[in-house]
């Protein structure tokens with residue numbers, strides 16, 4: 001009795017090599033034409049996607065910080081500072097709010113951005129940074145909140161000042177945004193108080209700062 005056998009014929013398996021090559025060449029031609037025609041747009045899209053992913057992954061939050069304003073050697077005024085870690089990146093945005101803990105008669109609070117030479121104990125150093133802050137002096141009757149800005153020619157005793165409307169004098173909000181062209185816009189209580197291009201090196205360090213005194217001896 002013959003043993004059953006199963007035969008496999010390789011001839012039953014066909015690989016359409018010519019058709020495959022034609023398809024590959026067609027795909028490559030299409031990709032080349034797409035790149036040739038839309039290359040710049042695709043590149044911009046990829047860059048935009050990368051920036052959005054980077055922005056999303058680089059955003060940080062920090063737990064509430066209570067400043068302890070006290071006298072320190074070589075620190076003007078009774079002050080306290082917290083340094084924000086940028087992880088080697090340039091600052092793109094910063095949002096924070098300020099509220100009083102206690103009832104100091106004279107006080108200031110805000111932020112400083114600067115280059116690698118800016119120091120934590122400096123309140124104003126227009127050569128290496130920009131200081132913007134608010135503080136005591138709220139006009140309750142007109143609901144006016146004063147803002148002081150130190151940059152460029154506006155030095156320690158010559159601040160650039162402005163004011164914003166504020167119904168909630170006990171809570172002050174700051175919003176800082178810097179685009180890829182180094183144009184910085186700062187809002188206090190949702191009102192623009194600073195809008196101009198800055199040197200890119202001034203985006204390397206960020207400090208939140210608060211200080212208080214029994215009396216103020218200068219504009220800061």
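Taken over segment 90-127, the criterion of being out of contact with any helix residue (DSSP H, G or I) (no Cβ under 7 Å at 6 or more places or on another chain), within 19 Å of residue 154 (Cα to Cα) and outside any loop (DSSP other than H, G, I, E, B) is satisfied by 108, 109, 110, 111, 112. All conditions in (1) without any contact (Cβ under 8 Å) to a residue 12 or more places away in the chain; (2) in contact with a helix residue (DSSP H, G or I) (Cβ under 8 Å, 6 or more places away or on another chain) hold for residue 87, with the sole exception of (1). Among what's in segment 106-127 and is without any contact (Cβ under 8 Å) to a residue 60 or more places away in the chain and in contact with a strand residue (DSSP E or B) (Cβ under 6 Å, 6 or more places away or on another chain), pick the residue that is surrounded by the fewest Cβ atoms within 10 Å (Cβ to Cβ). Only one residue tops the list, namely 121.
Restrict the check to segment 50-65 and report whether at least one residue is modelled with pLDDT of 85 or more, surrounded by fewer than 10 Cβ atoms within 10 Å (Cβ to Cβ) and farther than 17 Å from residue 180 by Cα. Yes, some residue in segment 50-65 is modelled with pLDDT of 85 or more, surrounded by fewer than 10 Cβ atoms within 10 Å (Cβ to Cβ) and farther than 17 Å from residue 180 by Cα.
Of the residues screened, residue 166 is not one that is surrounded by fewer than 15 Cβ atoms within 10 Å (Cβ to Cβ), farther than 25 Å from residue 116 by Cβ and at pLDDT below 95. Filter segment 128-147 down to residues that are more than 18 Å from the chain's Cα centre (by Cα) and not in a loop (DSSP other than H, G, I, E, B) and give me whichever is surrounded by the fewest Cβ atoms within 10 Å (Cβ to Cβ). Step by step, filter segment 128-147, then rank; the result is 139.
Condition first: at positive phi and at pLDDT below 90. Can you find one or more residues in segment 97-104 that meet it?
Within segment 97-104, one or more residues are at positive phi and at pLDDT below 90.
For segment 189-220, a residue qualifies if it is closer than 20 Å to residue 81 by Cα and modelled with pLDDT of 90 or more, and the qualifying residues are 202, 203, 204, 205, 206, 207, 208, 209, 210.
The values are calculated or read from the model by the stated rules, or taken from the named source; none is laboratory data. In this text the structure is predicted, and so the values were computed from the model without any measurement. With ideal geometry, Cβ positions are generated from the backbone for all residues, glycine too; neighbour counts draw on all protein chains shown.
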